[in-house]
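> Structure provided below as C-alpha cells; questions to follow.
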Amino acid sequence: MQLEFWPSLLFYLPLVPYLIILSLRYRGIRYLTAVNPGILASGIASESKSEILNLIPKRFVTKSLLVKKENYANITFIQNWMNTNSIRYPIIAKPDKGERGFLLHKINSKKELKQLFLTYPIDWLLQEYVKGPFEVGIFYYRLPHQSKGNIFSITDKVFPTLTGDGVSTIETLLEEHPRYRFQVETHKKHNFSQLQKILPQGKTITIGSIGNHIQGCMFQDGESYRNKTLETQIIQIGDNTKGFYLGRFDIRFSNPKDFQNGKHFKIIELNGVTSESTNLYDPKFSILQSYSILFRQWKIIYQIGFANFQNGIPLFPYLELFRLIKDHSEYRKNLSSIG
C-alpha cells in the first residue's frame, strides 16, 4: 500500500523519536502551543475554523457563515446571508471544530441542510462553494525574528476522475481501480446515484470535488505553481494574518495563470500547527523524501514555538492541554458514532 494510505498511527510512528529529540533539545514539548498565539493552543485541537478565518485579510477569504446550534430554530438568516452575498446551492458545510475533512458536506438544498442540522446538532461553518476546479494547499511559516515569511511548500490537489471501458459499471470501475479501491466506500457514497451506470469507452467523468484526502483527492507536489509574484502575494497574506506564524492555506481558483499572478483566488481554510505540508503524500515521492519533509516541518515548529516563548508568549498549561485534547477526541468519537 502506498504511504498516502497508511493508517495515521503507523505513518507518524517514525516521527515520535524525532519529537523526543526535539523536546530534549528545547527542554519541553509545549512550545508548539506558542507557535500561533492567535489560535487556540496554536491549532492542536478544538480550534474554531470561523475564528481562524477572521484572522485573515477579509478580501482573500471565501464567504462564510457560522451557524451556532442554538440558532437552529430559526434559520431564515441563512437564506438572508445567501441572498445578500448572491450565493446559491450547493454550499459547503463543515463542523466549526474539525479537521482532515471530518464530516465535510456539499449541501445541495435547504432540505439537505435541515437534515444535516438534525443529524449533527453542533456548530456548523457554512461556506460559499468555490467551484475551482483547481485547489492547492500552501504551507507558510515565519520565524519570529523575520519581518517576512516563507512558503515551505505547495501541494496540488488532484480531483479523482474515472474513465469508462464501455462494459463495466461505475461501481465495478471503482472497486478495480488501483488507487480508488483503497477509498472505495467514500467514492461509492459520493456517486451513489450512478453506481450502476456504464460509462462509454473512453469517457471520463469527475467523481469527487472536495480537496481533501479523506474525500478521495490526490495530493502531489505543486512547485510548478511557484513564482515570485505568487510567493509575494501569499507571504503578504500570511504576514498580515494576526497571531499566525505557521500553517497551511487551502486555496481554490479557476484560472492557474491568474492564480500565479496573485489574483482571483479564495482561501477556504487555514490550518494551524498540526496541519501538514501535504505534498509529502505525493505518490511519486519516496518514503525518505516524504519523511524528510515531515521532519523539517516539525523542526521549524519547535524553532518558532521556542522563539515565541522567549518573546513572552505563554505556553498552554499541561492540564488544560490534556483536557482540550481529551474533549476533542470525545467530540469526534460521539459524532462518528452518529454517522
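Readers should treat all values here as calculations from the given coordinates under stated rules, not as data from a laboratory. Remember, predicted model here, so these are calculated numbers, not experimental data. Glycine gets a Cβ as well: all are built from the backbone with ideal geometry, and neighbour counts include every protein chain shown.
> Using only the alpha-carbon atoms, how far is helix 15-26 inclined from the longest principal axis of the chain? Give it as 0 to 90 degrees, nearest 10.
Once rounded, one gets 20 degrees.
> What angle, in degrees between 0 and 90 and rounded to the nearest 10, separates the Cα long axis of helix 287-310 from the longest principal axis of the Cα atoms of the chain?
50 degrees
> Tell me the label-point distance for the pair Glu51, Lys189, using the 7 Å Cα-to-Cβ offset, in nm and rounded to one decimal.
Between Glu51 and Lys189, the label points sit 2.8 nm apart.
> If you don't mind, there's one more thing I want to ask. Apply the Debye scattering formula to the stretch 1-73, with a single equal point scatterer on each alpha-carbon and no solvent, then give log10 I(q)/I(0) at q = 0.14, 0.23 Å⁻¹.
Log10 I(q)/I(0), no solvent term: -0.77, -1.04.
> Sort 67-76, 189-198 by the packing proxy (mean of other Cβ within 10 Å over each peptide's residues), most packed first. Could you put the intermediate results ahead of the total?
Numbers: 67-76: 11.2, 189-198: 13.1.
Peptide ranking by packing, descending: 189-198, 67-76.
> Taking the Cα centre as origin and putting +1 on Lys and Arg beta-carbons and -1 on Asp and Glu beta-carbons, what dipole magnitude results for the stretch 298-339, to the nearest 20 debye?
That gives the stretch 298-339 a dipole magnitude of about 120 debye.
> Need one number: nm distance between label points at Lys333 and Thr119, each 7 Å from Cα along Cα→Cβ, rounded to one decimal.
Here the answer is 2.3 nm between the modelled labels.
> While we're here: Let me check the size of the chain from its C-alpha atoms; what are the radius of gyration and Dmax in Å?
Rg and Dmax of the chain, Cα atoms, are 20.6, 66 Å.
> While we're looking at this one, here's another question. What angle do you read, to the nearest 10 degrees and between 0 and 90, between the alpha-carbon axis of helix 228-239 and the longest principal axis of the chain?
70 degrees
> Treat each spin label as a single point 7 Å out from the Cα along the C-beta direction, and report the Glu176 to Leu9 distance in nm.
According to this spin-label approximation, the distance is 3.5 nm.
> How high is the FRET efficiency between Lys106 and Lys242 when r is their beta carbon distance and R₀ equals 30 Å, given to the nearest 0.05?
0.50
> If you place +1 on the Cβ of every Lys and Arg, -1 on the Cβ of every Asp and Glu, and leave all else neutral, what size is the dipole of the chain about its Cα centre, to the nearest 20 Debye?
So the magnitude is around 560 debye.
> Could you give the length gained by full extension between Ile20 and Leu288, i.e. 0.36 nm per residue of separation minus their alpha carbon distance, to one decimal place?
Details: separation 268, 0.36 × 268 = 96.48 nm, distance 1.96 nm.
That works out to 94.5 nm of additional length.
> Still on this model: From the helices alone, meaning DSSP H stretches of at least four residues, give me the mean residue ellipticity at 222 nm for the chain, per-run term -39500 (n - 2.57), in deg cm²/dmol to the nearest 500.
That comes out to -10500 deg cm²/dmol.
> Can you tell me the order of 225-232, 128-135 when each peptide is scored by its average per-residue count of other Cβ atoms within 10 angstrom, highest first?
128-135, 225-232
> Taking 8 Å as the Cα distance limit and 6 or more residues as the minimum spacing, I'd like the relative contact order of the chain as a percentage.
25 percent
> Here is a follow-up. With the cut-off at 1.5 for a/c, could you classify the stretch 47-154 from its C-alpha gyration tensor as rounded, prolate or oblate?
Prolate is the answer for the stretch 47-154, as a/c is 1.5 or above and a/b outweighs b/c.
> Could you please tell me the mean projected area of the C-alpha convex hull for the stretch 144-251, averaged over all directions and given in square nanometres to one decimal?
Reported value for the Cα convex hull: 8.9 nm².
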